[in-house]
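Here the structure comes first, spelled out in structure tokens, and everything after it is commentary.
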Amino acid sequence: MPTLRINGDAHAVDAPADKPLLWVLRDDLRLTGTKYGCGRALCGACTVHVDGQPARACVLPCGTLENRDITTVEGIGASEIGRRVQAAWVEMNVPQCGYCQSGQVMAAAALLERIPHPSDRDIDQAMSGNLCRCGMYTRIRAAIHRVAGDL
Ligand code: FES
Ligand code: FES
């Protein structure tokens, strides 16, 4: 039974060690902001942060995550950059269907923590693993630049 630190709170999880973090979040903890897309680390819908780095929750066994800091989209607004990213997403009307967007927000926040003023190339590289079927890439890039302009 792993104990996971998620959004600053410790959770003793009644799950086998090989259960992917995504299903612990969604099914056991009801943190349903993190989405299931491909289940194979290909689409980015399930992106969370582990120790501040973007990670694909669909392929992360929960038993490997004890003593790591996990942040989900429910907790990202607690950081200054996360709060600004969420605000920019609303101001710039980024989502269309919205399904990919929690993963996009997590990837964008991790990028801006690492590179406060990213170039278009930095953005394209950092966000290339987050697929959006609605094709909102132009707005995603604009929202990241909006946050960078305020930093
Ligand atoms: S659901 Fe995890 S990367 Fe697609
Ligand atoms: S906003 Fe619909 S998949 Fe990205």
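The values are calculated or read from the model by the stated rules, or taken from the named source; none is laboratory data. What you see is a predicted model, and the numbers here were worked out from it, not measured in a lab. Reconstructed Cβ throughout: ideal geometry from the backbone, glycine too, with neighbour counts over all protein chains shown. Ligands, DNA and RNA are stripped out before the accessible areas are found, and what is left, the full protein with its side chains, is counted by its heavy atoms. Shrake-Rupley method; radii C 1.70, N 1.55, O 1.52, S 1.80 Å.
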Report task. Divide, for the range 1-64, the radius of gyration over alpha carbons by 2.2 N^0.38 Å, where N is the residue count. Result -> 1.01
Query raised in the report: For the chain, what is the accessible area per residue in Å² when the probe is 1.4 Å?
Result: 50
Requested in this report: Mind jotting down the distance between the C-alpha centroids of the range 57-82 and the range 93-109, whole Å?
Outcome: 16
Report summary line: Taking a ≥ b ≥ c as the square roots of the Cα gyration tensor eigenvalues, with a/c under 1.5 meaning rounded and otherwise prolate when a/b beats b/c or oblate if not, the range 30-108 comes out oblate
Query raised in the report: In whole percent, how big is the carbon plus sulfur part of the accessible area of the chain, probe 1.4 Å, protein atoms only?
Result: 49
Query raised in the report: Under a point-charge model restricted to the Cβ atoms of Lys and Arg (+1) and Asp and Glu (-1), what is the dipole moment magnitude of the chain relative to its Cα centre, in debye to the nearest 20?
Result: 440
Query raised in the report: Net charge near residue 46, counting Lys/Arg +1 and Asp/Glu -1 over other residues with Cβ under 11 Å of its Cβ?
Result: +4
Query raised in the report: Non-local amide H neighbours of residue 69 (under 5 Å, H modeled in plane, Pro and chain starts lacking H): which ones?
Result: 51
Query raised in the report: Of 55, 12, 126, which has the largest mean-square fluctuation in a 10 Å C-alpha GNM of the chain?
Result: 12
Query raised in the report: Can you run phi through the Karplus equation (6.51, -1.76, 1.60; θ = phi - 60°) for the range 6-14 and list ³J(HN,Hα) in whole Hz, with x for Gly and Pro?
Result: 10, 6, x, 10, 8, 10, 7, 9, 8
Query raised in the report: How big is the chain by Rg and Dmax over its Cα atoms, in Å?
Result: 14.8, 44
Query raised in the report: What are the trypsin sites (Lys or Arg not before Pro) within the range 122-151 that DSSP puts in a loop, where the Cβ has at most 16 other Cβ atoms within 10 Å?
Result: 133
Query - Residue-wise HN-Hα coupling along the range 32-47, computed from phi with Karplus coefficients 6.51, -1.76, 1.60 (Hz; x: Gly, Pro) - result: 8, x, 7, 9, 9, x, 9, x, 9, 6, 10, 10, x, 4, 9, 5
Query - Loop-located GluC sites (Glu not before Pro) in the range 50-151, at most 13 other Cβ atoms within 10 Å (DSSP) - result: 66
Report task. Please give the calculated 222 nm ellipticity per residue for the chain, where each DSSP H segment of at least 4 residues contributes -39500 (n - 2.57) and the sum is spread over every residue; nearest 500 deg cm²/dmol? Result -> -10000 deg cm²/dmol
**Report entry** Local net charge near residue 70, Cβ-Cβ under 9 Å (Lys/Arg +1, Asp/Glu -1)
**Finding:** 0
Query raised in the report: From the phi of every residue in the range 76-86, what ³J(HN,Hα) in whole Hz does the Karplus formula 6.51 cos²θ - 1.76 cosθ + 1.60 yield, where θ is phi - 60° and glycine or proline is x?
Result: 5, x, 6, 8, 4, 5, x, 5, 5, 4, 4
